[in-house]
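In what follows, a single structure is set out as structure tokens and then discussed.
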Amino acid sequence: MSHALPFPWFEPLLARLREHLAAEPFTRDAAHDLGHILRTARLAQSLAGEEGADVETCVASALLHDLVYRPKNHPESPLTAQMAAELVPQWCRETAGLESRAGAVASAVESHSWSGGGTPATLEAAVVQDADRLEALGAIGVARVFATGASFGAGLWHPLDPWAEDRGLDDKAWSLDHFEKKLLKLAAGMKTASGQRRAAERERTMLAYLAALRSELGHDLPPDLSTRATGS
């Protein structure tokens, strides 16, 4: 299936991005690879159309949102959105058709990150942030959280207390902790109406997974998650 999008700058930008990823000093985990970037771009295109945002700005921003990569346990990981945003203007100036969007794309890239704590200043930035966060939810989100944890040696879950009822959450040690620490907070923070609708659906998928895991492990979900999983 072709990943091409109907913009004259798309293929040249994608080709340059592929070269950039191949030359990076850090090997990307499977959750932050080219597939993630392309899926985020598709989501951004769709959300932008529904929200009336500038589609080209949103797609270009999504393609460049992870331009700088650091492993999630690297001290510079929270800074990668800012680092990427500093590179974006030159990338846009050197890509025919994106020159006039350099500032808007840089703004969207800088504010997309959860760990960076950015607040979108434009509709386009809100769309890109929502698109990236949708990628962390649903069936894809489940796959990505365990791929990320495995990349830096995190275990699947604490063998004696998987739901952290008698310990603090530690998603650097246990991937399952990341659901409660971050992922199940994302839907409530979506900035666009389209993002909110999709996030609610993907969150239900994620909660259904957690309920199935609870059953297989023989450990009850904590009451708040149990209520959300059953909808009661």
>> Can you give me the angle between helix 55-64 and the longest principal axis of the chain, using Cα atoms only, in degrees from 0 to 90, rounded to the nearest 10?
In response: 70
> Which is the longest part of the chain that has none of the GluC sites (Glu not before Pro) sitting in a DSSP loop with at most 15 other Cβ atoms within 10 Å?
Replying inline: 1-75
> Percent of alpha carbon pairs in the chain separated by more than 21 Å?
Replying inline: 56
> Around ALA126, with a cut-off of 15 angstrom between Cβ atoms, what is the net charge of the other residues, counting Lys and Arg +1 and Asp and Glu -1?
Replying inline: -3
> Per-residue ellipticity at 222 nm for the chain, helices alone: DSSP H runs ≥ 4 residues times -39500 (n - 2.57), over residue total, nearest 500 deg cm²/dmol?
Replying inline: -17500 deg cm²/dmol
> Label points 7 Å out from Cα along the Cβ direction at LYS182 and ARG197: separation in nm?
Replying inline: 2.8
>> For segment 10-131, compute the orientation-averaged projected area of the C-alpha convex hull (one quarter of its surface), in nm².
In response: 6.7
> Nearest 10 degrees, 0 to 90: what angle lies between the long axis of helix 34-51 and the longest principal axis of the chain (Cα atoms)?
Replying inline: 80
> Quick one: if you stick a label point 7 Å off each Cα along the C-beta vector at ALA121 and ALA143, how many nm between them?
Replying inline: 3.6
>> Given segment 138-230, report the % of alpha carbon pairs whose separation exceeds 24 Å.
In response: 18
> Amide H to amide H, which residues 5 or more places from GLY155 or on other chains are under 5 Å from it, using H placed in the peptide plane?
Replying inline: TRP174, SER175
> Most mobile of ARG204, ARG144, ARG18 per a Gaussian network model of the chain (Cα springs, under 10 Å)?
Replying inline: ARG18
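Laboratory data are not the source of any read-out in this text; all were calculated from the coordinates shown. Bear in mind the structure is a predicted one, so any value in this text is a computation, not a measurement. Positions of Cβ are backbone-derived with ideal geometry, glycine not excepted, and every protein chain shown enters the neighbour counts.
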